[in-house]
Structure formats: structure tokens, C-alpha cells
């Protein structure tokens, strides 16, 4: 049972840890846009929905 959903909004991080499985760091500028995040939370097909992630 899924009880929570965490959405990473950016990969920018002040650290560059070798163990980071998301490969975040100060040089990363990628953003998870508002429409994509909104689609994920609503389970909107084609926008990276939580349902697709669990399939």
C-alpha cells in the first residue's frame, strides 16, 4: 500500500555525494516542471504518473 508520494523538483544540490542514487549535484540544473509534477500527483497518463511508476 502506498501511503505517500515524494516528488523531486530539482537535481540541484550543494553536495556531490558518491552514494547519491539520483546523481544530484551542484552542476545539475534539471527541473521537474510544474505540469509534469501535477500530472504525476493526479496520475495523468503520459506525464509520468505514479500509476506508471508502479506498473
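What to note about this one:
- Residue 9 versus residue 29: modelled label distance in nm, points set 7 Å from Cα along the beta carbon direction: 1.9
- Least to most buried among 13, 20 (fewest other Cβ within 10 Å first): 20, 13
- Annotation: extensible slack from residue 20 through residue 2 equals 4.1 nm (criterion: 0.36 nm per residue apart, minus Cα-Cα distance).
- Listed from fewest to most Cβ neighbours within 10 Å, the set 28, 34 follows the order 34, 28.
Computed from the coordinates by the stated procedures, all read-outs in this text should not be read as laboratory data. Because the structure is predicted, anything quoted here is derived from the model rather than measured. Methodologically, a virtual Cβ is constructed for each residue, glycine included, from the backbone with ideal geometry; neighbour enumeration extends over all protein chains shown.
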